[in-house]
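Comments concern the structure below.
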Amino acid sequence: MQYVASVQDRVLFVVRSVLEQNAIKADIHPESRLVDIGLDSMDMVALMLKVEAEFDLILPQPEITPENFQSVRTLEAMILNQLGPGTG
């Protein structure tokens, strides 16, 4: 399977879609802390569901932690870990 966009680009896309749903205007970067740009716990649930849909995976319960949902970079690392070697 060919990956058109990098995992990071896809995570940025998903995070931006959650921000748009909430009418949050924020400049988002891989290091941006998601709580600092306005995402609350309900937004994090929406983000988790969108990440699962985007990457066609089910996140194991132990991976659903505040640390993993801290920034685009931490989400990217968790997703790459879930997808396994040779992705991204």
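The values are calculated or read from the model by the stated rules, or taken from the named source; none is laboratory data. Predicted model only: the values in this text are computed from it and were never measured. Positions of Cβ are generated from backbone atoms using ideal geometry, with glycine treated the same way; all protein chains shown enter the neighbour counts. These area figures cover heavy atoms from the full protein model, side chains too; ligands, DNA and RNA do not enter into them. Shrake-Rupley method; radii C 1.70, N 1.55, O 1.52, S 1.80 Å.
Starting from the amide H of residue 71, placed 1.01 Å from N in the peptide plane, find each other amide H under 5 Å away whose residue is 5 or more places distant or on another chain.
34
Quick check: pseudo-label points 7 Å beyond the Cα along Cα→Cβ at residue 82 and residue 13, how many nm apart are they?
1.6 nm
Within the accessible area of the chain, what % is carbon and sulfur when the probe is 1.4 Å and the other protein chains stay in place?
54 percent
May I ask for the angle, rounded to the nearest 10°, between helix 41-55 and the longest principal axis of the chain, with both axes built from Cα atoms and the value confined to 0 to 90°?
Tilt of helix 41-55: around 30 degrees.
Residue 52 to residue 31: extension gain in nm, 0.36 nm per residue of separation minus the Cα-Cα distance?
That pair, residue 52 and residue 31, stretches by 5.5 nm at full extension.
So how compact is the chain: Cα radius of gyration and Dmax in angstrom?
12.2, 36
Would you give the gap between the C-alpha center of the range 24-43 and the C-alpha center of the range 55-86, rounded to a whole Å?
17 Å
Any idea what the dipole of the chain comes to, in debye rounded to 20, about its Cα centre with Lys/Arg Cβ at +1 and Asp/Glu Cβ at -1?
Charge dipole of the chain: 100 debye, to the nearest 20.
Could you do me a favour and compute the accessible area per residue for the chain, 1.4 Å probe, result in Å²?
61 Å²
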